[in-house]
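K.L.:
Take a look at this one; I'll ask things after.
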Amino acid sequence: MSSNSLGTTSPDPKEILKWTKRYARSRTIYFLIQWIVIVSIIFVIVLITNLAQQAYISANKPLFYISVVFLTILFLFFLWISISKKIADLVWQATLWFYKKEGYVLPAERRKDLPRWVVALIGLMIAYHIIGAGLVFLRYLSIQNLQPFSAVVLVPVLLVLIYYQDLGFWAWLWPILYGIHAVLLLLGFPISFPKEWYLLNIVVPVFGYGLLAIMIGHIYSRYALWKLKSLTNLGEIVLDSDSIDRVEDADSQGKDVEQI
Amino acid sequence: MSELDRIVHEPARLRILTMLAGVEVADFNFLLNTLGLTKGNLSSHIDKLEKAGYVEVEKSFDGKIPHTEFRITSKGKEALEKYWAQIEEIRKMGAGEVKKED
């Protein structure tokens with residue numbers, strides 16, 4: 001708080017601006033929805049690839065072909081999700097619903113529509129992961145190396161997405177930790193799961209680091225909101241009974257408290 | 001020095017404008033939640049800011065529930081910047097007077 005020369009105490013406007021921006025950029029619901037979509041893509045692809053592999057090993061041709069067809073349908077479905085305006089509207093409505101009580105706020109710098117080349121990158125990222133799953137299936141790539149393989153494309157795509165959506169500092173944690181995890185795995189650090197749980201080498205980093213980033217973002221947004229309220233709250237609601245009566249009278253007459 | 005803008009000078013309106021200057025858009029509930037004003041008073045302040053051309057109001061419906069969004073206009077941003085420049089000038093003048101007295 002700073003005191004101006006007019007004799008009144010008022011919060012520093014730079015502080016109000018700073019905490020408004022920080023709060024707006026740290027709200028994680030929009031990010032959470034995208035996280036669910038990306039995680040779902042990877043999770044379902046890995047799951048179906050595993051199923052296809054099992055079908056191939058056990059020479060179960062119908063199951064194998066069903067898995068391949070399902071993978072293709074999934075690819076087209078997620079591509080549609082990435083570019084669909086209806087889905088964008090749904091995400092918007094969901095965001096509004098989640099923040100109904102707290103109110104809606106959109107950061108000033110956030111770009112509303114992603115450039116086409118960024119949307120194309122998302123499609124490429126999905127295709128790349130399907131290729132990766134195929135390589136695992138054909139045994140050209142071991143499943144324990146799928147995470148570093150995935151990181152080669154997922155990390156830059158996430159960095160671009162985060163940059164274009166102007167998310168807060170917390171969002172950068174996801175690709176950074178995911179990238180570090182891949183490097184550590186390649187360097188032979190003992191952070192991989194045992195052979196029977198190798199699938200978790202990709203599932204856990206994707207789920208875990210994303211969730212960690214979201215949780216940090218959420219905690220930070222609560223702190224930013226608390227800071228912002230401490231700077232801006234006029235405490236009009238906490239008044240003695242006489243003042244409340246006067247405020248209610250003023251409300252009904254459309255007057256300001258200052259005019260009472 | 002020109003007179004302070006009375007529209008901007010009021011504490012609640014000053015906070016509304018400052019917060020809106022930091023975001024693209026904010027809705028009624030956000031301002032209500034952070035400012036701790038009554039609904040009537042917030043509406044009254046917004047109305048004054050809108051009449052002065054400092055804030056744009058966009059009303060829509062989310063199903064049957066009304067949703068009102070606000071954004072600061074370029075005129076509002078100019079008024080806010082001018083106000084803070086004036087306050088800064090007054091503060092410097094005040095500090096100068098204190099030094100002279102010392």
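No value in this document is a laboratory result; all are computed from the given coordinates. Just so it is clear, the structure is predicted and the values come from calculations on it, not from any experiment. With ideal geometry, Cβ positions are generated from the backbone for all residues, glycine too; neighbour counts draw on all protein chains shown.
K.L.:
Apply the Karplus parameterisation 6.51 cos²θ - 1.76 cosθ + 1.60, with θ equal to phi minus 60°, to every residue of the range B:12-26 and state each ³J(HN,Hα) to the nearest whole Hz, in sequence, with x for glycine and proline.
P.N.:
5, 5, 5, 5, 4, 4, 5, 5, 5, 5, x, 9, 6, 8, 9
K.L.:
Separate question: Taking the Cα centre as origin and putting +1 on Lys and Arg beta-carbons and -1 on Asp and Glu beta-carbons, what dipole magnitude results for the range B:1-97, to the nearest 20 debye? Write out the running numbers ahead of the final one.
P.N.:
Details: 14 positive and 16 negative charges, 42 e Å.
Rounded to the nearest 20 debye, it is 200 debye.
K.L.:
For a quick size check, give me the Cα extents of the protein assembly as shown along its three principal axes, largest first, whole Å.
P.N.:
Sorted largest first, the three principal extents are 90, 55, 39 Å.
K.L.:
OK, next. For a protection proxy built on the mean count of beta-carbon atoms within 10 angstrom, sort A:90-96, A:142-148, A:206-212 highest first, please.
P.N.:
Highest mean packing first, the order is A:142-148, A:206-212, A:90-96.
K.L.:
Please report A:72, A:49, B:68 as a ranked list, fewest other C-beta atoms within 10 angstrom at the top and most at the bottom. Spell out each step's value before the answer.
P.N.:
Values: A:72 11, A:49 24, B:68 14.
Fewest-to-most Cβ neighbours within 10 Å comes out as A:72, B:68, A:49.
K.L.:
Within a Cβ distance under 12 Å of residue A:217, other residues only, what is the Lys/Arg minus Asp/Glu net charge?
P.N.:
+4
K.L.:
Another question, if that's okay. Which whole number gives the average count of other chain Cβ atoms within 10 Å of the Cβ atoms across peptide A:89-97?
P.N.:
Per-residue shielding by partner chains comes out at 1.
K.L.:
Could you give the angle, 0 to 90 degrees to the nearest 10, between helix B:39-51's Cα long axis and the longest principal axis of the Cα atoms of chain B?
P.N.:
So the helix axis and the longest Cα principal axis differ by about 70 degrees.
K.L.:
Sticking with this one: Take the Cβ-Cβ distance between residue A:80 and residue A:14 as r, set R0 to 45 Å, and report the resulting FRET efficiency rounded to the nearest 0.05. It would help to have the intermediate numbers written out before the result.
P.N.:
Working: r = 44 Å, r/R0 = 0.99.
For residue A:80 and residue A:14, the calculated efficiency is 0.50.
K.L.:
To the nearest 20 Debye, how big is the dipole of the protein assembly as shown about its Cα centre, given +1 on the beta carbon of each Lys and Arg and -1 on that of each Asp and Glu? Numbers along the way, then the final one.
P.N.:
On the way: 38 positive and 35 negative charges, 319 e Å.
Dipole magnitude for the protein assembly as shown comes out near 1540 debye.
K.L.:
Here is a further query. Between the range B:1-34 and the range A:60-120, what is the C-alpha centre distance in whole Å?
P.N.:
Using only Cα atoms, the two centres lie 35 Å from each other.
K.L.:
Run the simple label-point estimate for residue A:135 and residue A:116 please: 7 Å along Cα→C-beta, distance reported in nm.
P.N.:
For residue A:135 paired with residue A:116, the spin-label model returns 2.9 nm.
K.L.:
Given the pairs A:101/B:82; A:14/B:39; A:14/A:227; B:59/B:82; A:101/B:51, which are separated by over 23 angstrom at their Cα positions?
P.N.:
Working: A:101/B:82 34 Å; A:14/B:39 26 Å; A:14/A:227 13 Å; B:59/B:82 29 Å; A:101/B:51 27 Å.
Correct reply: A:101/B:82; A:14/B:39; B:59/B:82; A:101/B:51.
K.L.:
While we're on this one: How do A:58, B:2, A:221 line up, fewest other C-beta atoms within 10 Å first?
P.N.:
The order, fewest Cβ neighbours first, is B:2, A:58, A:221.
K.L.:
Mind checking the mean number of beta-carbon atoms from other chains within 10 Å of the Cβ atoms in B:10-19? Please list the in-between numbers first.
P.N.:
Numbers: counts 3, 8, 6, 2, 5, 10, 1, 2, 10, 12.
Average neighbour count from other chains, rounded to a whole number: 6.
K.L.:
May I pose another question? Under 29 Å from the Cα of residue A:195, which lysines turn up, not counting those fewer than eight places away in the same chain?
P.N.:
Candidates past the 8-residue exclusion: A:61.
K.L.:
Here's a follow-up. Given the options B:16, B:65, B:87, which has the most mean-square fluctuation in a GNM of chain B, springs set between C-alpha atoms less than 10 angstrom apart?
P.N.:
So, out of B:16, B:65, B:87, the one fluctuating most is B:65.
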